[in-house]
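The values are calculated or read from the model by the stated rules, or taken from the named source; none is laboratory data. In this text the structure is predicted, and so the values were computed from the model without any measurement. Cβ placement follows ideal geometry from the backbone for every residue including glycine, while neighbour counts extend to all protein chains displayed. Ligands, DNA and RNA are excluded from the accessible area calculation, which covers all protein heavy atoms including side chains. Shrake-Rupley method; radii C 1.70, N 1.55, O 1.52, S 1.80 Å.
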Amino acid sequence: MRVPYSWLREYCDPGITPAELADRLVMTGTEVERIDVVGPPSPDNFVVGKVTEAVQHPDADRLRVCTVDVGEGAPRTIVCGAPNVGAGQTVAVALPGARMPGGDKLRKAKLRGVASDGMILAADELEVGEDHDGIMVLDDALAAGTPLTEVLPLAEPVLEIEVTPNRSDCFGVYGVAREVHAVTGAELAAAPWAIEPPAEGAGRAEDFASVTVEVPDLCPRFTARVFTDVKVGPSPLWLQERLSAAGQRPISNIVDITNYVMLMTAQPLHAYDLDKVPGGELIVRTARPGEKMTTLDGVERELDPETVLVCDRDQPTGIAALMGGQVSEVSDTTTSVLLEVANWNGTNVLETSRRLSLRSEASARFEKQLHPDLCLRAQAVASRLIVELCGAKLVPGTIDVAAPEPPPRKLRLRGARVTGILGMEIPAADQRAYLERMDFEVLSDGDDLEVTVPPDRYYDVTREIDLIEEVGRLHGFAENLPTTLPKVGEGKVGRLNRTQRLRRRAEDELRDLGFDQIVGWSFTDPGEASRLRIEEPDPRADPILVANPLSDEGAAMRTTLLGSLLDVAARNLARGREAVALFEAGAVYLRGTPPTEGGPLAGNFPGNTPAPVTEPHRYGALAVGPLVPKSWRGGGEPVDFFALKGVLEALASGLGCPPLTFAPTSEPFLHPGRSAKVSIGNAPLGWLGEVHPLVCRTWDIAAAVGFEIDAAPLLAAATLGDEEFEDVTTFPAARRDLAVVVPADAAAADVVAAVRAGGGELLRGVEVFDLYAGEQLGEGKKSLALALEFRAADRTLTDEEVEAARGSILGELEKIGGTLRE
């Protein structure tokens, strides 16, 4: 919601700068995103001028040489190309030195040999309108040399307010002014709808039009007024300026008035050319199956039976609360106007807007659910403006088709409850004053208050706690709320649970290993799976689709962390980074799979059948280029499978997990033969490997290595925080190296498992440190060298005990085809 500051001050002048007001509003719950300036950055050197002479340029058919009085005594010569410039006009003039919108400084110039000492302005050149067909012609009563700021708001500050869904009253400038009044205590002007124009037209409104509402539950109120002798034309300059500053495009006086009143009151309106409505008959009904209509944006739309329409006796004339149709659109030839101000079911408006992918300023307000009482407010303001600005006559009477009004909402505000919730004493008189500033009706009952909620806040303030919030925010949470600690039981303090501690520790471990953490989007595009070469029936190829995505790039929920890691890596490499090491800790979203961590989440999206959905928390890492920079001592080698395997093992070790096991696997996005599935105990953990060259080519990356693992089994196996003391210095360890020949297709993990099984309790550690394959071993054979560590907790081991354990290990290795290498 864009609120021009001059318009706001017309209703409530806070007496402070826009920046100071923005701070006050933010601190009381009204979010001001930014302050824009519309028009030139400075009002200096903009004045009113009088054109005393306008003659044809001697060397240009489309230019005129004007003599302009700007109140300096001697007139100025200004060359102007506007077709409507002429002698006797009062115009807006920018003098040399003026800063135009955008910051350019106006200077003296020669146009086709004639010196021009200024510029006669069109509306768009001051950002007070969009018209560039001709210059602005001002009121002749203005004196030459009058500062233009006395005529038009130049350098207009505009507050950009992010209206929260519950505060539909702040969708209107007067509602924002009421909020400013409540926050600052500045005087609030009388409501603009308090004055009705005289009804001087002939007959009664019912003589010209009729309204039938077939769905009163979807249209609680429909009001209509009739105007005759309407003269459609451009709006006055002040109205165009306000609409432009508020982000609306001026069109014509009738259309501009409906937009202006909507911005003022938060109640949308719609105007019909009454002569284009057969018999003046309007019918509110739902759409028939397969029914179509063309809206004002020129799009033909197919409607469904849930869509509410405003129709004439022949066809639809508009989609209720969203957009009118071209059939009865107001034009330059319109002389009779039917003004609709209606109330609609907010839930139906929101659902229809989503189905049709059609949203408007009107629907943004109606979907918040407005009160039926707002209809006649908007009718009063719009009627007065149509009479004043369009020369129209208001026909007596208002057609008003209404369902029973919602009953008044009366709430009791207990003083003790206010103190208990807010933790501070606020006198009952102050509570009453705060609420009355917001237009609540308040009666005192001792320390308590009986409060009647106004129509503007009817669907927002529904409980006592809502009143307490109003009192608290206007009293000032930041300024007056005392700082206290939460009350907890004796000896109890807040702390992280085990899972939270371990998750943080895992992230710390990865950072300590040289990886930078990223936070990727949970949303991705539906084509990510195909770019990763994932195909059906892999569940990762069937992402959950978002019902109402902000863009096609975020239309699906991610099923793997690899996509976002590749995105960030490619972005960094494209900007000059030679190497990246990234990790992410986050959720992926899978349908129809057993949960690993976190409960099931119901998923029912367009194009999908309801299915159980899980959100496993995962750790993913990706490295491109060297992990260690090159130096005179070495380093600089590109990262490979074994480097990332070491990172993953270090992560598990840092969490106190038992050793990980690795076995060959195939993933569509990994390099064949350079990938492994990772397990911890008997629980599958994830994958590790070099990214497939075709996938790397898609992301324009030379080569990359990564892993992705589930957090749940990893953290379940962690012993960090559960450690027990063990003496490792009194009785030293005995270390042995062992070289064993095994079949070439034997997995190193199977060899290590056999060694552990044979070593028993005395074997405290085993690590593969070398691999050899050659002719002397024979075909189909390879040699693994292992470092073994033996230790007992209660004694120093003898050579005999170590050799016995070594013999048991050799026995287990023979079971998998292993022999001691000679």
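For Thr719 and Ala547, the FRET efficiency from 1/(1 + (r/R0)^6), where r spans their Cβ atoms and R0 equals 35 Å, is about 0.20. In the range 136-183, the ratio of gyration radius to Kirkwood radius, Rg to Rh, stands at 1.21 when only Cα atoms are counted. Measuring against 25 Å, Cα to Cα, the residue pairs Lys231/Lys368; Lys276/Lys368; Lys410/Lys487; Lys630/Lys781; Lys50/Lys110; Lys782/Lys815 contain Lys231/Lys368; Lys276/Lys368; Lys410/Lys487; Lys630/Lys781 as the ones spanning a longer distance. Spin-label model, Asp799/Met27: points 7 Å from Cα along the beta carbon direction are separated by 8.4 nm.
The stretch between Glu72 and Glu726 holds 225.8 nm of extra length on full extension. This uses 0.36 nm per residue minus the Cα-Cα distance.
Here is the list for the range 508-577: GluC sites (Glu not before Pro) lying in DSSP coil, each with at most 13 other C-beta atoms within 10 angstrom of its C-beta, are Glu535. Applying both filters, DSSP loop and at most 15 other Cβ atoms within 10 Å, to the GluC sites (Glu not before Pro) of the range 275-363 gives Glu306. Rg/Rh for the range 605-696 (Cα atoms only, Rh after Kirkwood) is 1.08. The charge dipole of the chain, taken about the Cα centre with unit charges on the Cβ atoms of Lys, Arg (+1) and Asp, Glu (-1), comes to about 860 debye, rounded to the nearest 20. Taking θ as phi - 60° and the Karplus parameters 6.51, -1.76 and 1.60, the scalar couplings of the range 500-507 work out to 5, 5, 5, 4, 5, 5, 4, 5 Hz in sequence order, x denoting glycine and proline. Spin-label model, Leu296 to Glu649: label points 7 Å out along the Cα-to-beta-carbon direction sit 7.0 nm apart. Name the shape class, rounded, prolate or oblate, that the alpha-carbon gyration tensor gives for the range 1-48, where a ≥ b ≥ c are the square roots of its eigenvalues, rounded holds for a/c under 1.5, and otherwise prolate holds if a/b is larger than b/c and oblate otherwise. Because a/c hits 1.5 or more and a/b exceeds b/c, the range 1-48 counts as prolate.
What percentage of all Cα-Cα pairs in the range 424-561 are separated by more than 28 Å? Cα-Cα pairs in the range 424-561 separated by more than 28 Å: 61 percent. Applying 1/(1 + (r/R0)^6) with R0 = 22 Å to the Cβ-Cβ distance of Met424 and Glu450 gives a FRET efficiency near 0.45.
Ligands, DNA and RNA are left out, and with a 1.4 angstrom probe the accessible area of the range 314-420 is 39 Å² per residue.
Pop a pseudo-label 7 angstrom from the Cα along the beta-carbon direction at both Ala703 and Arg511 and give the gap in nm to one decimal. Roughly 3.1 nm, to one decimal. With the gyration tensor restricted to C-alpha atoms of the range 681-822, the semi-axes of the equivalent ellipsoid amount to 33, 25, 13 Å, longest first. Evaluating 6.51 cos²θ - 1.76 cosθ + 1.60 at θ = phi - 60° for every residue in the range 553-565, the Karplus couplings come out as 5, x, 8, 9, 8, 5, 10, 8, 7, 4, x, 5, 5 Hz, glycine and proline recorded as x. Looking at the chain alone, DSSP beta bridges between its own residues are antiparallel in about 95 percent of cases. Here the range 328-480 exposes an accessible surface that is 47 percent carbon and sulfur, computed with a 1.4 Å probe and the other protein chains kept in place.
Here, the range 666-725 is characterised by an Rg to Rh ratio of 1.16, where Rg is the alpha-carbon radius of gyration and Rh the Kirkwood radius. Using only the C-alpha atoms, the convex hull of the chain corresponds to 272 Å³ per residue.
Normalised by 2.2 N^0.38 Å, where N counts its residues, the alpha-carbon radius of gyration of the range 207-359 equals 1.02.
Taking the alpha carbon gyration tensor of the range 323-455, multiplying each eigenvalue by 5 and rooting it gives semi-axes of 41, 20, 13 Å, largest first. With the convex hull of its Cα atoms as the shape, the range 298-353 has an orientation-averaged projected area of 4.8 nm². Measuring spread by the Cα atoms of the range 27-186 yields a radius of gyration and Dmax of 19.8, 63 Å. A convex hull fitted to the Cα coordinates of the range 108-162 yields 145 cubic angstrom per residue.
A DSSP coil position with no more than 16 other Cβ atoms inside 10 Å describes none of the chymotrypsin sites (Phe, Trp or Tyr not before Pro) in the range 769-803. Here's how it looks for Arg764: its modeled amide H is under 5 Å from those of Glu789, Phe790, Arg791, which are all 5 or more places away or on a different chain. Computed over protein heavy atoms with a 1.4 Å probe, the carbon and sulfur contribution to the accessible area of the range 665-822 reaches 49%. Local charge for Lys782 was computed over the other residues whose Cβ lies under 13 Å away, with Lys and Arg +1 and Asp and Glu -1, and equals -3. Can you pull the percent of Cα pairs in the range 13-93 with separation above 22 Å? Pairs farther apart than 22 Å: 51 percent.
Rolling a 1.4 angstrom probe over the range 609-650 with all protein chains present gives an accessible area of which 62% lies on carbon and sulfur atoms. Residues whose amide H lies under 5 Å from that of Lys782, counting only those 5 or more places away or on a different chain, are Val742, Ala744; hydrogens are built 1.01 Å from N in the peptide plane. Coupling constants for the range 254-267 follow from the phi torsions by the Karplus curve (6.51 cos²θ - 1.76 cosθ + 1.60, θ = phi - 60°), and in residue order they are 5, 5, 5, 5, 5, 5, 5, 5, 4, 5, 7, 9, 6, 9 Hz; glycine and proline get x. For Thr317, the residues whose modelled amide H falls within less than 5 Å of its own, excluding neighbours fewer than 5 places apart on the same chain, are Val310, Cys311, Asp312.
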